Amino acid sequence: MILYGILWGEDVNPEEIKVCIMRIEGTNCEDETYNACKAAGCNPELVHLNQLTGHAKDRRDLEEYDALAFPGGFSAGDYVRAGAIFAARVKSSLGKEMRTFVEAEKPIIGICNGFQILVELGLLPATDGISKVPTAALFTNDSGRFECRPTYLKNQGGGKCLFTRKIPRGKVVMFPSAHAEGKLMGDNDRFLDRLEENGQIVFRYVNPDGRPSGYPWNPNGSPGNVAGICNPSGNVLGLMPHPERALDPLTAPDWTRHKKKEGDGMAIFRSMVDSLCR
């Protein structure tokens, strides 16, 4: 129904937009992601992977949903590699459905562990299309430890990224980071160049003045200060910082200096809803 509304110009009620928030054991940011989608006006649902594969009651079909979110956490304990087990289970049981979802250009967001899962699935960076094996990885932070801190990000434009439509190009936003493996590395020397050429770099780590800076403003040492990327079509976004933890302006460390009506993270989810209502 949502796609027909887009194609034929019909009005779409945001409450009709169904968002699948996929989880397994170890995910722990699903409630925050649910609240963010709900606050943006759409209809989210917490869905266990087993419901989509038919191995649990209350069977669900991925095709029923208009958008998909992989929340943060430590899925399957992050054994092997962060996000690897979750991704392997999705690929083995829902590989065809996931490809269809992406090719229909439905929105998919992966936050923190969700970003790691999207990379393991080959849905990001997907510079040359969805890959059968990962072409990038989120490596251990340069500090060698878990980093949890307010993080400033500059919107780089991100090409066609539909999740940043309500964030002006060049604007600096604050989302908190909380990860031990967030250093984005590619499988070849031209990795960053290709992302630049395709307009796939969505967010970069900056200091409060909006200038690229090293640690602690870049909490993991990611080359080029890259904090978030999208696929070439702009419907798949992965980022390490947590917009779903920045919904209320009172959670920002500098909340006394600003009179914002809502936190910076809401723009991500409002942009997603806006893209489906057009």
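Just so you know, all these numbers are worked out from the coordinates, no wet-lab data involved. No experiment lies behind these values; they were computed from the predicted model shown. Note: ideal-geometry Cβ built from the backbone for every residue, glycine included; neighbour counts use all protein chains shown.
Annotations for the structure displayed:
- Per principal axis, descending, Cα span of the chain in whole Å: 45, 43, 34
- Share of pairwise Cα-Cα distances greater than 12 Å in segment 160-203 is 73 percent (whole percent).
- Taking the Cα centre of segment 156-278 as origin and assigning +1 to Lys and Arg Cβ atoms and -1 to Asp and Glu Cβ atoms, the resulting dipole is close to 520 debye.
- When Trp217, Trp255 are arranged by Cβ crowding within 10 Å, least crowded first, meaning fewest neighbours, the order is Trp255, Trp217.
- Computed [θ] at 222 nm, deg cm²/dmol, the chain (DSSP H ≥ 4; -39,500 (n - 2.57); rounded to nearest 500): -7500 deg cm²/dmol
- Note on Asn43 and Lys260: their simple-model spin labels are 3.0 nm apart, each label 7 Å out from Cα toward Cβ.
- If the segment from Ala56 to Val80 were pulled out straight at 0.36 nm per residue, it would be longer than the present Cα-Cα gap by 6.1 nm.
- Under the Debye formula (equal points on every Cα, no solvent term), log10 I(q)/I(0) of segment 235-278 at q = 0.23, 0.31, 0.32 Å⁻¹: -0.82, -1.09, -1.12
- Across segment 122-140, the residues whose backbone nitrogen lies under 20 Å from the label position 7 Å along the beta-carbon direction of Asp189 are 135-137.
- Highest-MSF residue in the chain out of Asn113, Asn13, Asn198 [GNM, Cα springs under 10 Å]: Asn13
- The fewest-to-most ranking of Lys96, Lys57 by surrounding Cβ atoms within 10 Å reads Lys57, Lys96.
- Note on the chain: GNM, Cα springs under 10 Å; of Gly72, Gly199, Gly129, the largest mean-square fluctuation is that of Gly129.
- Rule-of-thumb Rg ratio for segment 179-278 [Cα; 2.2 N^0.38 Å; N residues]: 1.19
- The GNM of the chain, with springs linking C-alpha atoms under 10 angstrom apart, assigns the highest mean-square fluctuation among Ser177, Ser222, Ser131 to Ser131.
- DSSP bridge pairs, the chain: antiparallel proportion in percent, nearest 5: 60
- Nearest-20 debye value, the chain charge dipole, Cβ charges on Lys, Arg, Asp, Glu: 520
- Per-residue Cβ neighbour counts within 10 Å put Met266, Met272 in the sequence Met266, Met272, beginning with the fewest.
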